[in-house]
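Input: a single structure, listed below in structure tokens.
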Amino acid sequence: MIYNKVVALSLLLFSIIAQSSFGIDLSQRQWNIKNTGQSYIRKTSELGFENIDGIKGIDINYFNKNQLDQFSSNKVVVAVIDTGVDVNHPEIKENIWYYPGCIGKSEEEKKALPCQGYNVLDGNGNVSDEIGHGTFVAGLLAGKKDNVGIDGLLPESIEIMPIKAITNFRGFTHDGKVVSSYLAKAIAFAVNNGAQVLNLSLGIPKVIETPQVVSAIDYALKKNVIVVASAGNNNKRRNIFPCNYNGVVCVGGIDIQGQKVSSSNYGQTVDIYAPGEKLVGTIPSNMESTVLRVGNYDVKTGTSFSIAHITALAAAAKVKDLGINSYNFLARLKSYSRTLSESGLLVADYQKFINSFDDSSNKSLPPVFLTKEIDSITIDKLAAKSFGATLGFDIYSEYELEDANICLSSIVINSGRTCRQISLKEGLNRVQLSSVIPNLDIDTWQGLKLSLQKDENLISEKSFDAQFFVPLPISSKKQVSKIAAGALLRIAPNIKSSQLQKVIEFDANKSTQDYFVLNNRSLKSIFYLSEEANNFRPFQVNFSKDIKVISVMKVDMNLDGQLDILVYGTSSNNREYILESFDSQGRPLFGEYSRWSLNATQFGGLDFNRGRPYFNFIKTQTTKLGTILVPLVSKIFELPQVDNNTDPVDFLNNIQKKRPYYLLPSLQDDEVKLEIRTLESYQFDSKIRDILDLPFFKKLQFVSFLEQDKESQNSGQVRIIYALGEVSFNEYYEIIFNDTHHFEIVKKGRSLQIHQSNIATVRSTIDGDFISEYLITRQQELNKLSFKLSSGRRTLKFESDWNDPLASILAVYKEEQYYSIYIEGRYHIHLVVTDGKNIISSSKTAINRESSFPGGNFSQIFQMGQLSSSKGAIYTDMQRLFGDNIRLITSHDNKLSKKLKYNYAIPSQCALIGHTQIEKQMQVRLHCLGPGKFSSIMISNIMTKK
């Protein structure tokens, strides 16, 4: 009885709370619609917050009553292509589109139809929103104006067509299809079913920018559908599809003070800005309100929601003129928005925009420059010491214009300006401008200005930044013999991909770089490409059983002074990790005992980081195979029983902790199994405690192993850092293991809480290899690092902006007299130059990182790469994001260089296969078509002067 009363009381309380959440008027918090000086809290550090006071009038200057009264009851269909929409949400359920084909159908028949939207992922009408992103956008657009909850931007005239095309994607495919194919299908459905505006709060990288999705956007534009896309939230000025596509209106975000939201992307592809920080909106009714703590509503930030302000304005434009297209809408936006004095950003102005339709003096809009495709420009060589650039772009004009002059101005252009005469027709006009660039000693980003004049009267102009690239210089090429190009290389308009994968070799002084190709027909072999003097010689490496290959390495596994081929992968059923060794000609290295297997458990397999193995090789003695090298890995795992003491009183606690483990081959039932063993055995613990005279309560904590140089790897010697202490672990020891059973202590040091630190081995540019020094770093806060060199005594500190948290140490180089530390942040690569005692300088350069909401993050690839004996660098591949570009992040006068000469464009008939170190210097390699039916590897020697 008491239980029933408690339940009844709980239900009553829940009902009261739920009803009260529906009764709250949140419109006064919608600074985006009317900024009266409201404020909100912004996080400024790990524990710090700041109250941000709004500036009155920094909003969209929303329609006045007379303007709203002019909107008819005819609805404009807006397709929200997103994560779905809660179609039963009280704010928006009255403004949900209804599929005409469902009228008159039974409830059973409706289940197979897209009655209230379409789910292109599953091919049905279930558009439920498990993420909340699409529902938030829909609420901003069409929330009821009823003094409850929020006010939508234009519920009077908007009908939401929910299309579920996004989920928590893992990678670039979903159910075997490229995720952009779902976007293409969603756009086609929307256009074919009457959508007049598309809201695309998403972005996709170049690698999945397929002809199908480009054609879908073109189809929408040709049907006079206005397409609006979000700029993205990564604080970068080079944007991705569809924001970077001509005709798509791209929207960035401003805050309550009129400044760019710190995370908002920017640059010339962003057409307009709108409120995008701390917006109040709708969430699915079954979702928890984590910030606002009011049922059905929450607060969010991002350009995904800035876009709603422009989408609503596009719907208003369609109400005024159904024939308006995306280009005309953009031209009108450019002419009838306002530039904020606080930031210089162009921001939507609802009243000014809508008045333009009733302005009798407004006969035509100025032509608009559509320059998104020249976000990057490749410089061509014209003569021995002459260079030029050609810019191709479109101009949209609403009227014909005869004998006008179009000019390009920039400080990098010869004589500062180049002009030509053109005539414009009504609609889209294709224009090309060529200019001469006197030298290449310029920054990669340059300001450009386009102007259109008639009889010396300025008609239209646009100023913007563009990134310049130089063609990658080709030093030599080597043909891939015997294998047809079609089996290895795909060159298409939207994708350039090579089947060649780099064979990992741990020697920056090597003279060749080998590759391998997976056998698509069988898991029992690979094709190995050995680099020779003039070509690449392929031969087949046959496995004893199937292997799903992960990596191929060159390692002297049997310590005979010759590099062997080590294949690493999994069994066909993924139940085992496999290591199989071959000699340099592809013959089994240990005869019938060449294949070693490790059961797939929570221990896992070998780890790789940024394309480099995150493990060492250590020498050990075996009964059957003799003296060999085996992998040494860092894992959190239990202590193997064989490495403990059998004494029931005197033994080590078998707890899971981070230890150095090696994989020992042992013969079991005529198969070689890899046994998990640890260097941190009872014998090691007893011996080191005896050497250091440590009491039992002093803890030893494995921190990290150091990178091996060529000599250490060839001999199987490893260096390991151990921390010593009880709580603070301030002392540490560097221990050298000459093999799995013999060690010596070579160094003692002090560093605060080293057991919580990361260790980065220093690489000497002079030696072209790792050296004995290392950097100890500890992250104090997300944006703060403390660090010290193993050879130094001072702990130094580095701090980035709060909104640019530091992720990892990319590389540490010893360059002549200073150390260069490259640090990866959220939005930048930072360079800290130090002599070990003081920070000499620090600088940063923007990087391109993107998150395709709400799928996985994708980014440039950052890898260590030495340019010369005096200069280190970070090699970065931008192919997946933007296509045919690579960049070398390096320094000049102890500052990160912005120079054009480190930014390269890839030839159109080639696919990038990465960089390698040959004789201490970087080479970039391409896989290209020809000669004839074969392919070649083009080699570019990247060298710099001191």
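Which Cα, out of GLY586, ILE628, SER704, lies furthest along the positive dipole direction of the chain (beta carbon charges, K/R +1, D/E -1)? After comparing all options, I get GLY586. Please find the FRET efficiency linking LYS449 to SER285, where r is the Cβ-Cβ separation and R0 is fixed at 51 Å, and quote it to the nearest 0.05. The value I calculate is 0.50. Against the main long axis of the alpha-carbon atoms of the chain, helix 211-222 sits at an angle near 10°. Normalised by the number of residues in the chain, the mean separation of alpha-carbon contacts (under 8 Å, six or more apart) gives a relative contact order of 9 percent.
How big is the C-alpha Rg of region 328-377 next to the rule-of-thumb value 2.2 N^0.38 Å, as a ratio? Write out the running numbers ahead of the final one.
Working: Rg = 13.1 Å, N = 50, 2.2 N^0.38 = 9.7 Å.
Cα Rg divided by the expected 2.2 N^0.38 Å: 1.34.
Cα-based radius of gyration for region 697-789, normalised by 2.2 N^0.38 Å, reads 1.14.
Extension gain for GLN479-GLN656 works out to 58.6 nm (0.36 nm per residue, less the C-alpha to C-alpha distance).
In a fully extended conformation the segment linking SER39 and CYS102 would gain 18.1 nm over its present Cα-Cα distance, using 0.36 nm per residue.
Against the main long axis of the alpha-carbon atoms of the chain, helix 326-335 sits at an angle near 80°. Taking 26 Å as the cut-off for C-alpha to C-alpha distance, list the pairs among LYS658/LYS698; LYS236/LYS899; LYS425/LYS462; LYS177/LYS545; LYS56/LYS93; LYS236/LYS788 that go past it. Among LYS658/LYS698; LYS236/LYS899; LYS425/LYS462; LYS177/LYS545; LYS56/LYS93; LYS236/LYS788, the Cα-Cα distance tops 26 Å for LYS177/LYS545; LYS56/LYS93; LYS236/LYS788.
At a probe radius of 1.4 angstrom, the accessible area of region 63-360 per residue rounds to 33 square angstrom.
Could you work out the relative contact order of region 376-471? I mean the mean sequence separation of Cα pairs under 8 Å and 6+ apart, divided by the number of residues, in percent.
34
Rounded to the nearest Hz, the phi-derived 3J(HN,Hα) couplings of region 633-649 under the Karplus curve 6.51 cos²θ - 1.76 cosθ + 1.60 (θ = phi - 60°) are 10, 9, 9, 9, 7, 7, 7, x, 4, 5, 9, 9, 8, 7, 5, x, 9, where x marks glycine and proline. For region 376-471, the Cα-based Rg and Dmax, in that order, read 14.1, 43 Å.
Amide H to amide H distances under 5 Å link LYS510 with GLU919, LYS920, where only residues 5 or more positions off or on other chains count and H is placed in the peptide plane. Near the amide H of LEU810, within less than 5 Å, lie the amide hydrogens of TYR822, ILE823, GLU824, all on another chain or at least 5 residues away, with H placed in the peptide plane. Would you compute the Debye intensity of region 63-360 from its alpha-carbon atoms alone, equal scatterers and no solvent, and pass along log10 I(q)/I(0) at q = 0.07, 0.10, 0.14 Å⁻¹ to two decimals? Treating every Cα as an identical point scatterer, log10 I(q)/I(0) equals -0.23, -0.49, -1.01.
Helical runs (DSSP H, four residues minimum) scored at -39500 (n - 2.57) apiece and divided by the length of the chain put the mean residue ellipticity at 222 nm at -4000 deg cm²/dmol. Extension gain for ARG750-SER908 works out to 51.5 nm (0.36 nm per residue, less the C-alpha to C-alpha distance). The phi torsions of region 573-584, fed into the Karplus equation with coefficients 6.51, -1.76 and 1.60 and a -60° offset, translate into couplings of 9, 6, 8, 9, 8, 10, 10, 10, 10, 9, 7, 5 Hz, rounded to whole numbers, with Gly and Pro shown as x.
Placing pseudo-labels 7 Å out from each Cα toward the beta carbon at LYS145 and LEU559 gives an inter-label distance of 8.2 nm. Among the listed pairs LYS334/LYS844; LYS260/LYS797; LYS710/LYS747; LYS635/LYS784, a Cα-Cα separation exceeding 24 Å is found for LYS334/LYS844; LYS260/LYS797; LYS635/LYS784.
Give, rounded to the nearest 20 debye, the magnitude of the charge dipole that region 68-200 has about its Cα centre when Lys and Arg contribute +1 at Cβ and Asp and Glu contribute -1 at Cβ.
The calculated dipole for region 68-200 is roughly 400 debye.
For GLY872, nonlocal amide neighbours, meaning residues 5 or more places apart or on other chains whose placed amide H falls under 5 Å from its own, are LEU867. Measuring between their Cα centroids, region 586-608 and region 498-575 lie 14 Å from each other.
So what's the angle, to the nearest 10 degrees on a 0 to 90 scale, between helix 179-192 and the longest Cα principal axis of the chain? Helix 179-192 sits roughly 10 degrees off the main axis of the chain.
Check each of the trypsin sites (Lys or Arg not before Pro) in region 317-370 and keep only those in coil by DSSP with at most 12 other C-beta atoms within 10 angstrom; list them in order.
Of the trypsin sites (Lys or Arg not before Pro), the ones in loops of region 317-370 whose Cβ has at most 12 other Cβ atoms within 10 Å are LYS363.
Computed from the C-beta positions of LEU382 and SER808, the FRET efficiency with R₀ = 51 Å rounds to 0.75. Restricting region 480-574 to trypsin sites (Lys or Arg not before Pro) that sit in a DSSP loop and have at most 11 other Cβ atoms within 10 Å of their own Cβ leaves ARG521.
Label-to-label distance for ASP647 and SER341 is 8.4 nm, based on points extended 7 Å past Cα in the beta-carbon direction.
Looking at the chain from every direction and averaging, what is the projected area of its Cα convex hull in nm²?
Working: hull surface 191.5 nm².
Mean orientational projected area (the chain, Cα hull): 47.9 nm².
Here the accessible area is traced with a 1.4 Å probe on the protein chains. For the chain, carbon and sulfur cover 47 percent of it. Which whole-number percent of Cα pairs in region 187-232 have a distance greater than 14 Å? Of all Cα-Cα pairs in region 187-232, 49 percent lie more than 14 Å apart. Summing charges over all other residues whose Cβ lies under 13 Å from the Cβ of ILE226, with Lys and Arg as +1 and Asp and Glu as -1, gives +3. Per residue, the solvent-accessible area of region 685-753 (1.4 Å probe, heavy atoms of protein chains only, all protein chains present) comes to 49 Å².
The values are calculated or read from the model by the stated rules, or taken from the named source; none is laboratory data. Here the structure is a predicted model, which is why all the values come from computation and not from measurement. No Cβ is skipped: glycine too gets one built from the backbone with ideal geometry, and neighbour counts run over all protein chains shown. The accessibility values were calculated without ligands, DNA or RNA, using every heavy atom of the protein model including side chains. Shrake-Rupley method; radii C 1.70, N 1.55, O 1.52, S 1.80 Å.
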